[in-house]
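Have a look at the structure below, then the notes.
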Amino acid sequence: MKKVFSVLLALCLLLVPLSGCKQAGEKYNAYYFEYFDTVSIVTGYAESKEAFDAVCAEIEAELKEYHRLYTIYNGFEGVNNLKTVNAVTDGAHSEVQVDRKVIDLLLFAKEMYRETDGLVNVAMGSVLKLWHVYRNEGIDDPAAAQLPPMEKLKDAAKHTDIDKVIIDEENGTVFLADPKMSLDVGAIAKGYAVEQIARHLEEKGITGYLLNVGGNVRAVGTFGEKPWNVGIENPDKENEDVPHIEFLHLTNEAVITSGVYQRYYYVDGEKYHHIIDPETLMPGSNFMSVSVLAEDSGVGDAFSTALFLMNYEDGLKLIEETENVEAMWVMPDGEQRYSSGFKAYTYVP
Amino acid sequence: MIGARNVKPSTDGKRKTRNDMILAAVLLLVAAASFLLWHFSRAEGESVTVKVGGTETAVYPLSEDREVEIIGGEDNEYRNVVVIRDGKVSVSEANCPDGICVKTRSASRAGESIVCLPHKLVIEVTGEKSEPGLDMTA
Ligand SMILES: [Zn+2]
């Protein structure tokens with residue numbers, strides 16, 4: 001009997017140090033570089049590396065599929081994607097048979113166009129293409145960097161009518177009714193894809209994962225009671241001492257930041273970033289960054305772009321009128337402003 | 001857990017045998033050792049993990065200053081220089097086309113990372129799993 005008691009005692013003593021770790025699972029990270037021209041990170045709690053890898057394989061397969069369908073830059077054999085939709089033969093676009101996932105993205109895009117009063121417009125491809133070309137040239141050869149000429153931009157802007165994106169749900173086809181127009185889904189595709197992948201995991205009962213595709217962060221449940229700790233990047237990149245300006249606890253939400261620091265180039269010492277206002281056809285200049293917390297990562301992605309291009313008052317009004325979205329604005333002087341429900345998610349580390 | 005030790009006192013009234021005493025002493029020692037091990041492994045703090053193409057290639061303590069050249073790519077054409085100094089890690093030089101890894105601010109807290117997308121390189125600060133740290137940056 002005493003032996004049994006001693007062994008029990010020993011087990012208890014041995015367990016004391018281990019009880020410092022409250023959670024049974026381990027945290028793992030996986031990185032992907034091939035999708036959406038950005039880095040994707042999967043963080044998850046799992047019982048074992050094998051269990052984590054199995055979930056990651058599923059996530060990667062989905063990522064790959066969405067990437068192949070939504071890219072406007074690459075073609076894939078046997079796949080009709082947005083590059084196929086954008087293609088022009090004999091001076092016109094063709095009616096293209098596409099996967100249901102493409103139809104759904106474009107329907108969502110039209111919904112976001114309405115919700116944001118046209119600030120998020122996937123039919124702005126002609127304008128964004130110009131910026132894309134001039135930015136890449138400017139990055140490759142900074143001394144010769146130039147802005148796209150306003151005349152060219154204005155010309156391109158004549159071909160951005162989203163109503164000319166003709167979606168035939170029944171037949172599963174998409175047709176661009178203006179030969180000079182093209183799609184660019186950069187402002188919504190990553191967020192939308194992340195949301196669909198998150199829902200896929202939720203349907204399978206998988207929980208305890210945090211997805212991040214190019215800054216579109218979405219939590220898919222927690223592991224145990226502990227929420228995820230997500231930092232919001234300081235848009236002032238020069239400030240080495242303060243890498244994060246806010247900290248959020250997430251359990252099932254998404255957070256997305258649009259900022260001046262993410263994609264940019266310099267022309268004559270001036271910085272020009274990638275979020276283009278459909279009105280002025282120039283980069284928006286109201287904020288250093290805008291972060292949106294949302295239940296739906298696709299909505300969050302669209303709203304972060306829209307809010308970035310609105311003035312603070314209009315943006316705040318839009319957020320307060322819309323359910324399940326909150327926002328934080330970083331003003332040009334660094335001041336942080338919040339919508340009414342944002343602070344409920346923040347913590348002090 | 002602690003209370004369980006007192007639940008079952010020696011009810012038979014006899015003195016503990018010598019073997020039991022030795023056993024108890026040994027077990028106490030084991031427990032103390034494991035506690036110390038846990039304590040010091042925690043105190044060691046963060047480390048820097050280098051991953052190339054998703055595979056972990058090296059781990060360095062964040063507390064030791066060093067400079068490491070990381071060569072990758074099929075023909076060894078990718079080059080990044082990683083510097084660990086004063087408890088911070090950064091990329092000081094790289095021949096990637098975008099140079100974003102060099103522009104990324106240094107990382108020092110568990111959960112922070114620096115990524116070089118063209119070179120498929122990740123420099124990650126990792127900490128003890130019992131520490132809250134940061135899971136992601138948006
Ligand atoms: Zn790099």
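Numerical summary
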item: Taking B:Val50, B:Val122 and counting other C-beta atoms within 10 Å, the order from fewest to most; result: B:Val50, B:Val122
item: At R0 = 45 Å, FRET efficiency that the Cβ-Cβ distance of A:Asp90 and A:Glu320 yields, to 0.05; result: 0.35
item: Over 18 Å between alpha carbons, listed pairs A:Lys154/A:Lys180; A:Lys27/B:Lys51; A:Lys101/A:Lys190; A:Lys226/B:Lys51; A:Lys83/A:Lys190; B:Lys51/B:Lys120; result: A:Lys226/B:Lys51
item: Förster-model FRET efficiency, 35 Å R0, A:Ala143 and A:Phe175, C-beta, rounded to 0.05; result: 0.25
item: Rg/Rg_globular for the protein assembly as shown, with Rg_globular taken as 2.2 N^0.38 Å and Rg from C-alpha atoms; result: 1.16
item: Calculated FRET value between B:Ala25 and A:Glu47, using beta carbons and R₀ = 51 Å, to 0.05; result: 0.90
item: Nearest-20 debye value, chain A charge dipole, Cβ charges on Lys, Arg, Asp, Glu; result: 1140
item: Debye-sum result for region B:47-126 in log10 I(q)/I(0), which assumes one identical scatterer on each alpha carbon, at q = 0.22, 0.26 Å⁻¹; result: -0.95, -1.35
item: 37 °C / 0.692 mPa s Stokes-Einstein diffusion coefficient of region A:89-176, Kirkwood radius on C-alpha pairs, µm²/s; result: 220
item: Per-residue Cβ neighbour rank within 10 angstrom, fewest leading, A:His67, A:His273, A:His249; result: A:His249, A:His273, A:His67
item: Student exercise, region A:89-176 dipole from Lys, Arg, Asp, Glu Cβ charges, in Debye to nearest 20; result: 260
item: Dipole of the protein assembly as shown [Lys/Arg +1, Asp/Glu -1 at C-beta], most positive-end residue of A:Phe175, A:Ile276, A:Ser289; result: A:Ser289
item: Order of A:Glu60, A:Glu323 under a 10 Å beta carbon neighbour criterion, fewest first; result: A:Glu323, A:Glu60
item: Residue (of B:Leu28, A:Thr257, A:Asn80) at the positive-pole extreme of the protein assembly as shown, dipole from beta-carbon charges; result: B:Leu28
item: Rounded to whole Hz, the Karplus (6.51, -1.76, 1.60) HN-Hα couplings of region A:200-215, x for glycine and proline; result: 4, 5, 4, 4, 7, x, 7, 9, x, 10, 10, 9, 9, 10, x, x
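Bear in mind that the values in this text are calculations on the coordinates, not laboratory data. This one's a predicted model, so the numbers in the text were calculated from it and none came from an experiment. So basically every Cβ, Gly included, is an ideal-geometry build from the backbone, and we count neighbours across all protein chains shown.
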